[in-house]
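The values are calculated or read from the model by the stated rules, or taken from the named source; none is laboratory data. Predicted, not measured: the structure shown is a model, and the values here were computed from it. Every residue, glycine among them, receives a Cβ derived from its backbone with ideal geometry; neighbour counts consider all protein chains shown. In case anyone asks, the SASA skips ligands and DNA or RNA and just uses the protein heavy atoms, side chains included. Shrake-Rupley method; radii C 1.70, N 1.55, O 1.52, S 1.80 Å.
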Amino acid sequence: MRSGAGRAGAVALLLVMIAGFCAPLLTALEGQNPSDFNGDLVDGNNGGNPYGSFGGVNGSHWFGVEPGTGRDLFALVVYGLRTTILIALAATVVSVIIGTAVGMSMGYLGGWFETVLGRFVDFMFGFPTLLFLIALQLIVPSDIPKPVVLAVVLAAFGWVGTARLIHTQTRQLAAREFIDAARASGTPLRRVLVGELLPNLIGTLAVVVALSFPATVAVSAGLSFLGVGIGADTPDLGVLIGSSITWTYTGADAGYLIFPSIVLLLIVLGATLLGDALRDAFDVRTEENAR
Amino acid sequence: MVELGKNGEHGGSRHAVHTSPLLDQQPVLSLRDLQVTFRGTSGPVPAVNGVTLEAHAGQVVAIVGESGSGKSATALASMGLLPDSATVTGSVLVEGTDLNAIPEKQRVPLRGSSIAMIFQDALAALNPYRTVGRQIIDAYRLHHDVDKRTARERAVEVLDRVGIRDATRRVDDYPHEFSGGMRQRAMIAMAVVNDPTILIADEPTTALDVTVQRQVLDLLTGLTDDLGMALVLITHDLGVVAEVADQIAVMYAGRIVESGSVLDIFDHPAHPYTQALLGATPNLETSGRLAAIPGVPASGTNLPSGCPFHPRCAFAAEVGEACRTKRPVLELRPGTPAHRAACHFTTDRELPDA
Amino acid sequence: MTSYIARRLVVSLLVLLAISFCVFMLFYSGPSDPARVMCGKPCQPERLTQVKHFMGTDKNAFVQWLDFLKGLFVGRTYGTGAEAAHCSAPCFGFSFDQRQSVTNLIWSRLPVTASLALGGAAVSLLVGMTLGPLAAIFRGRWPDALVRGGSLFLVATPAYLLGLLGILLFGFQLNVVPVSGYVALTDSPVDWAWHLVLPWCVIGLINAAGYARFARNQMLDELGSDHLLAQRATGAPKRTVRRAARRGVWVPITTLFGLDLAMLLSGSIFTERVFSMHGIGDLLIGGVSSHDLGIVVGTALFGAALIIVGNLVVDIVQGSIDPRVRRG
Ligand SMILES: Nc1ncnc2c1ncn2[C@@H]1O[C@H](COP(=O)(O)OP(=O)(O)O)[C@@H](O)[C@H]1O
Ligand code: SF4
Ligand SMILES: [Mg+2]
């Protein structure tokens, strides 16, 4: 039953990812694009609300149109999906690599290195990261593309959880005999790390990736939602959801809020279900079920 | 309520005092054909398979067997404390009442006052968030309608009896502030504070070092004498029981394979497993383990046909097919009052000396 | 115990010092000079020099950091003469945009964020500590499946999505609770609570998911523990033992709570936005949009200080409820 949920999560995640990567293809199929303004589809006398039910859903506008501008919502969602996924994917990959490197070297080298870094990691774990993610937006030079900035800062703060987990696992593994044996037989340190430890950490890494990806998606979209991530001109799920609030308050049709929300929910839920199933399968103890 | 004596000396052999079991009295604890089966993820796991055992007041009955032989399951079944995943059949007669036949509600008041238990790991068995005194007081007040002050006095008294020095002060300590041996004593105090008729001690000395082991054993036998309770002493170590037990039951794969008095078991073992255990018995003084028994212990999920011991038995070849096909039953040895063994080889002969 | 607290206090102060140092090096030596923003466009060079001097950004980042620290303890005055602006201790900086000390700004926003975070914390602990142990007691049966499934869902769901869905459902469809705005506790306690019901539930439920999962596993450990078995062996009924088990879950929960303070704060940032409440998160975001470095640095450091002090309190509380924590 639990792996059934995991499988469902994997399928949902896969579908959404494919939709994101095939954004141009899908919008071509629909016959729309995310940048065309369609003033004729919104009712200027009614605060710019789309004509028609469900925010203007019909055969040529699958998710309806954006209030005010009349841009095609389906196109905005799939292009936004692509932005969100790419940023989160890049940030996850980088942060997992950093976290793995830090965690492995801590667990393997030990000594003061482990102590000092351990303190730092512990400290970062309870740190109000979001505040600084927001604050940092102010000082990054404006000539660097926003998606890159976002991916970099997310990675810079995202590696901590991975480092903690990999550290614990490495220490357990290193305590086992075969690592000692490899060292005794004169294999160089680097070879031991890469050749013996890494394969044993594969399961853990799969879990870490599957669980930190949705978290990164949520934060990345969250920053854009708050208006301090991607600029409003780039299609992004967070931006869409953020700008939908105002419309929701003015009583516009909920479609503008619901379509991007459901897609975002599909990514995070899908990946979390998958990650949870992987965690059970690989028997990895993450923070909250470890303590 | 039996008055607790002051902390006295309880060294030496008990056999001088209890040369014969008090057979004229009714046993205070009587297990009859006890069976325990756990619901495992891949089918039922039989842990205890028809154990019959009696314990009389003032008597020490030892249950001996390798780890996994079903000793703890027997103990917990006797207390009615097995998890819901276990099915228990047979009867557990505590002073005539079958614990296994009455609902949990009626068992609760019997625990602690009629039948009590102590565990191997005292640090784990004591609540880390409560003082030692508080835990003893709580236990006492479950069975005695007294105010906190009276209960506290009683706690100090019991702590003193089990040999905690400066008990008036230590009563307010937390378990982690006690040493290993003291924790064991505190746990014993918690178990005997209500003067139980029966005390089950599940490997009470396994986690301790040799000198402390000796002290704890002396304490337990002393309490048995003072309180007139029956002590069921569970251990995987025959050496531990040599000087303290009156009766011994040897368990293998959930069954009793041999039982009898200490002399029966030590001087005339009638089961190859018992003999092997004797060979593997470390000496209390030297604590050196001699020879381990070769082979893998049988378990509920991996139960050999016939005699469960046959894959490890040195005599199986001599007996032949019977050992592999026919399960030997526990039979009274001729010419003895209570020496029983379950072995095809020894039904009509003695075991040769090891 | 006192020396334990003293030691933790010193460590916390050092950490705060280090954070503020890093922040100043990072934010005040970058290329984006806040004076340029203040100066406006077009900006004459002599005007820029004036503004820089007024704001104190003509000094290097390290000196500015020292000025900031000094301001924290004795307050500081920007500029001289008629234009002078005073910022009294503890001075978290000055917003030249709004001509107000950041401390005042934070102070005026604090009730909102505090109401959100504390109420959310209460809901999350209540829900998590009720459902988690319940799931453990019913392990493998439907209440367990429900709690586990529900918490998995909530752990994954971003706070802003849950908030928006809550507004859609309870605010617009069912029309039972107000969906935006904050009413001060001192104005009307009833309206205050009424406006906070939905936000509390959002923050509370999101965080409760973690507590429920954790409390469930912890409760399972407790229920399987020797000390509860030993307690039952003394004749304690199941109910008494379960109560003891629940108490055993509270101690490690406080550790988790300490770690979650930061999450609580971020939860309230999103919730402020969703429910149009003007708390500290809103202040920070406003500072970013208006390029007000004083506000941004001040609120970020204030937030960090809040979390560190919160963790200190949690540590001390834990030291007093868990007898095993070393009292050096
Ligand atoms: N809770 C349980 N669930 C399933 N099997 C169990 C459980 N407890 C014990 N067993 C099994 O029952 C058998 C006897 O265990 P136990 O009574 O603990 O042995 P002993 O105390 O002699 O070491 C073992 O095979 C063990 O695996
Ligand atoms: S019955 Fe056979 S196998 Fe079993 S103990 Fe006796 S001789 Fe050995
Ligand atoms: Mg055992």
Contact list, first residue from segment B:218-238 and without any contact (Cβ under 8 Å) to a residue 12 or more places away in the chain and within 14 Å of chain C (Cβ to nearest Cβ), second anywhere and within 16 Å of ligand 3 (Cβ to nearest atom) and open to solvent by less than 10 Å² (accessible area, probe 1.4 Å), beta-carbon distance below 8 Å, six or more apart or interchain, is none
Scanning segment C:282-305 for residues that are at the interface with chain A (Cβ under 8 Å from one of its Cβ atoms) and assigned to a helix (DSSP H, G or I) gives C:L284, C:I285, C:G287, C:V288, C:S289, C:L293, C:V296, C:V297, C:T299, C:A300, C:G303, C:A304
Within segment C:154-163, restricting to residues that are part of a helix (DSSP H, G or I) and facing another protein chain (nearest Cβ under 7 Å), the one that is farthest from C:C201 (Cα to Cα) is C:A156
In the set A:T246, A:T272, A:T204, the lone residue that is open to solvent by 60 Å² or more (accessible area, probe 1.4 Å) and either among the hydroxyl-bearing types (S, T, Y) or within 11 Å of chain C (Cβ to nearest Cβ) (or both) is A:T246
Segment B:195-254: strands (runs of 3 or more DSSP E) wholly inside it with 1 or more residues that are within 16 Å of ligand 1 (Cβ to nearest atom), of a type in the set (F, W, Y) and crowded, with 24+ Cβ neighbours inside 10 Å are B:247-252
Just one listed residue, out of C:G235, C:G258, C:G204, C:G248, is open to solvent by less than 10 Å² (accessible area, probe 1.4 Å), within 13 Å of chain B (Cβ to nearest Cβ), touching a residue at least 12 places away in the same chain (Cβ under 8 Å) and not β-branched (V, I, T), and it is C:G248
Checked segment C:209-256 for anything closer than 19 Å to B:Q120 by Cα and in a helix (DSSP H, G or I); matches are C:D221, C:E222, C:L223, C:D226, C:H227, C:L228, C:L229, C:A230, C:Q231, C:R232, C:A233
Scanning segment B:128-160 residue by residue, those open to solvent by 10 Å² or more (accessible area, probe 1.4 Å) and facing chain C (nearest Cβ under 7 Å) turn out to be B:P128, B:Y129, B:L142, B:H143
Residue hits (segment B:290-322; among the small types (G, A, S), within 10 Å of ligand 2 (Cβ to nearest atom) and either part of a helix (DSSP H, G or I) or open to solvent by 40 Å² or more (accessible area, probe 1.4 Å) (or both)) are B:A314, B:A316, B:A317, B:A322
Within segment C:59-88, the count of residues that are of a type in the set (D, E, K, R) and open to solvent by less than 80 Å² (accessible area, probe 1.4 Å) comes to 2
Exactly one of A:I139, A:I166, A:I144, A:I134 is in contact with a Leu (Cβ under 9 Å, 6 or more places away or on another chain), of a type in the set (V, I, T) and surrounded by fewer than 21 Cβ atoms within 10 Å (Cβ to Cβ), and that one is A:I139
Notebook entry, point to check: Looking at segment C:125-135, is at least one residue under 28 Å from the mean Cα position of the chain (by Cα) and modelled with pLDDT under 90?
Noted result: no
| query | Quick check: anything in segment C:172-189 surrounded by fewer than 23 Cβ atoms within 10 Å (Cβ to Cβ), hydrophobic (A, V, I, L, M, F, W, C), within 14 Å of chain A (Cβ to nearest Cβ) and not in a loop (DSSP other than H, G, I, E, B)? | reply | yes
Exactly one of B:V48, B:V88 is within 16 Å of ligand 3 (Cβ to nearest atom) and more than 23 Å from B:Q184 (Cα to Cα), and that one is B:V48
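Here is a yes/no grid of residues against (1) modelled with pLDDT under 90; (2) in a loop (DSSP other than H, G, I, E, B):
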| site | (1), (2) |
| --- | --- |
| A:F63 | yes, yes |
| A:G99 | no, no |
| A:R119 | yes, no |
| A:L131 | yes, no |
Counting only residues in segment B:74-113 that are touching a Leu at 6+ places or on another chain (Cβ under 7 Å) and within 13 Å of ligand 1 (Cβ to nearest atom), the one nearest to the other protein chains (Cβ to nearest Cβ) is identified as B:L81
